[in-house]
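Only one structure is covered here, and it is reproduced in the block below.
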Amino acid sequence: MKTNETKTYPQIKCPVVDICGGCQIQHLPYETQISQKETQVINLLKDFGKVSPLIPMDDPYYYRNKIHATFQSDRRGKIISGIYQAGTHNVVPVDSCLLHDQRADKIIVSIREMLRSFKMRPYDEDTKRGLLRHVLIRTGFKSNQIMVVLVLGSQVFPSRKNFVKALIKKHPEINTVVMNVNTKKTSMVLGEREQVLYGRGFIEDTLCDQVFRISPKSFYQVNPVQTEVLYNKALELADFSGDETIIDAYCGIGTIGLIASKHVKKVIGVELNKDAFKDAINNAKRNNIDNVFFHNDDAGDFMLKMADKKQGVDAVIMDPPRSGSSPAFLSSLVTMKPAKVVYISCNPVTLKRDLDVLVNKGYQVEEMVPVDMFPGTHHVETICLLTKK
Ligand code: SAH
């Protein structure tokens, strides 16, 4: 596809778009969503140069490979499952969401229907009574593997064996079931404690021809179709020659670095989350890759140590969370003087803040490409290539 304007997209209406907090712009035709996001990125980043047209998703529905439903009793005591209303802890009943993998939504409905016969009540944050809080489901887009995480408000789950047996009987497509215990009053879905009830405790999926292990708590991009588009574009912009040593910062389970490893001499990955770090090491072995080295550290601290030891690299790929990078990271990067920086950002506001720092310290922005990873929502991803002046 050459331009965004030439393609028209079907529009499916969501019945709860006004009250549910999952999407913000689902009611708009996809063409309008695209131009809104493009305008947002241009307005924020135009001082750095020309922003390329946003890369849209061909089929902007049912793309999420990670879905989570919250369980609650309504005023009449009926059990409902769905998504939090924007800004509240009230659950909007949702059986089928336009963003979710439809196989996952069906499993949520089955679990809700099973609760009564197992005498399981939804967990109440205030009274701390009941058991089931959330269900998190991860689906492998290419592998078709499915992981169900039952998030409970107590570690006492008396009927666990029979519950899991009944669930697998109803949905034999499920590969693994994990119990997670979260007793805190928090907006975080997952708690610390975890126990595998069935299967291996993780699923695998294929991305850019490599197989990745994904654990319940590891970050993994939620839109598998657009992730390949994003990574391929990032590598195209990086245009590696094969001789480089590069850093993959905020590397999650190692996806970008492992995929880039074929195009460079050596990759150094750094990730704060322990589970994701362990997944990354396994993923290197799983794909027989031996030129990637992962570190479990804060990316800023790690860069400081590298800069202190006067260790240089040729390029840095960085993909920080929404809050963006840190002053320690950026100042160490400037000290290390990599010739190229590929900044992948899920928040153009913090991207602008961080680009200001890099541009003031000797880098120039070469290209900025927005990618739609999250149709229906106001979120937008941007890849930015910088070079050393
Ligand atoms: N590049 C990966 C992950 C991007 S999400 C991918 O494409 O899948 C951002 C990642 O940064 C998450 O895995 C998160 O755990 C990690 N992270 C957050 N703060 C961090 C920090 N201070 N140092 C290192 N990693 C961090």
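Derivation of every value follows stated rules applied to the coordinates shown; laboratory data play no part. Remember, it's a predicted structure, so these values are computed and weren't measured experimentally. Cβ placement follows ideal geometry from the backbone for every residue including glycine, while neighbour counts extend to all protein chains displayed.
Go through 256-268, 317-329 and give me the packing order, highest mean Cβ count within 10 Å leading. Please report the intermediate quantities before stating the final value.
On the way: 256-268: 22.2, 317-329: 19.1.
Put in order of decreasing packing, that is 256-268, 317-329.
Quote the charge dipole size of the chain about the Cα centre in Debye, to the nearest 20; the model charges only the Cβ of Lys and Arg (+1) and of Asp and Glu (-1).
Approximately 1600 debye in magnitude.
Using helices alone, what [θ] at 222 nm do you get for the chain, with -39,500 (n - 2.57) per DSSP H run of 4 or more residues, divided over all residues and rounded to the nearest 500?
Only helices count here, giving -8500 deg cm²/dmol.
Stokes-Einstein diffusion coefficient for the range 85-182 at 10 °C in a medium of 1.306 mPa s, Rh from the Kirkwood formula over Cα pairs: what value in µm²/s?
Calculated translational D: 111 µm²/s.
For V371, which sequence-distant residues (separation of 5 or more, or a different chain) have an amide H within less than 5 Å of its own amide H, given hydrogens modelled in the peptide plane?
Sorted by chain and number, the residues that satisfy this are I55, E381, T382, I383.
As I understand it, the dipole of the range 121-195 uses +1 on the Cβ of Lys and Arg and -1 on the Cβ of Asp and Glu, about the Cα centre. Which of Q155, N182, A166 lies farthest toward its positive end?
Result: A166.
Taking amide H atoms as placed 1.01 Å from N in the peptide plane, list the residues 5 or more away in sequence, or in a different chain, whose amide H sits under 5 Å from that of I25.
Sorted by chain and number, the residues that satisfy this are T377, H378.
How big is Rg to Rh over the range 1-152, alpha-carbon atoms, Rh as the Kirkwood inverse-mean-distance radius?
Looking at the range 1-152, the ratio lands at 1.07.
Given charges of +1 on the Cβ of Lys and Arg and -1 on the Cβ of Asp and Glu, with all other atoms neutral, how large is the dipole of the range 66-207 about its Cα centre, in debye to the nearest 20?
For this selection, approximately 560 debye.
Pop out the ³J(HN,Hα) list for the range 121-131 in order, Karplus 6.51 cos²θ - 1.76 cosθ + 1.60 with θ = phi - 60°, rounded to Hz; leave Gly and Pro as x.
9, x, 6, 9, 4, 7, 8, 6, 9, x, 10
Work through the residues other than K361 whose Cβ is under 13 Å from its Cβ and net out their charges, Lys, Arg +1 and Asp, Glu -1.
That sum, taken over residues with Cβ under 13 Å, equals +1.
Which percent of Cα-Cα pairs in the chain sits in each 20 Å bin, short to long?
Final binned percentages: 27, 55, 18, 0.
Quick one: helix 102-115 against the long Cα principal axis of the chain, what's the angle to the nearest 10°, folded into 0 to 90?
30 degrees
What is the angle, in °, between the Cα long axis of helix 30-45 and the longest principal axis of the Cα atoms in the chain? Nearest 10 is fine, range 0 to 90.
That helix lies at roughly 40 degrees to the long axis.
Compare the peptides 342-351, 307-316, 241-250 by average per-residue count of other Cβ atoms within 10 angstrom and give them in order, highest first.
342-351, 241-250, 307-316
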